[in-house]
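Presented below is the structure to which this report refers.
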Amino acid sequence: MTSQSGNNERKPGFLPIETNWFDRLFISIVIWVALSLFWMRFIEPFGLSVWFAAAISAVLGAYIVWKG
């Protein structure tokens, strides 16, 4: 019989490195900046606001922090 007390390790997520919540938050912010710059350069000239990129980044960031 194994005891689970004192076992604070979390199961690895889909990221290929071992991370804590701050690492995943930092990765999410970097992705948000990169996606926003990409959006402003290539997609916003077609009429789509950068707020769409912010919404996509927020959803993606929440998923990375939660499951990553």
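Brief remarks follow.
- Beta carbons closer than 8 Å, at least 6 apart along the sequence or on distinct chains, pair a first residue in the stretch 53-65 that is under 22 Å from T19 (Cα atoms) and open to solvent by less than 60 Å² (accessible area, probe 1.4 Å) with a second that is of a type in the set (V, I, T) and assigned to a helix (DSSP H, G or I) for S57/I31; G61/I29; G61/I31; I64/I27; I64/I31.
- Residues in the stretch 35-52 that are open to solvent by less than 60 Å² (accessible area, probe 1.4 Å) and of a type outside the set (F, W, Y): 5 in all.
- Within the stretch 14-27, considering residues that are touching a residue at least 40 places away in the same chain (Cβ under 8 Å) and either aromatic (F, W, Y) or under 19 Å from F52 (Cα atoms) (or both), the one most open to solvent (accessible area, probe 1.4 Å): W21
The values are calculated or read from the model by the stated rules, or taken from the named source; none is laboratory data. What you see is a predicted model; the values in this text were computed from it and never measured. Because the Cβ atoms are built from the backbone with ideal geometry, glycine has one as well, and the counts that use them run over all protein chains shown. To get the accessible areas, we keep the full protein, side chains included, count just its heavy atoms, and leave off ligands, DNA and RNA. Shrake-Rupley method; radii C 1.70, N 1.55, O 1.52, S 1.80 Å.
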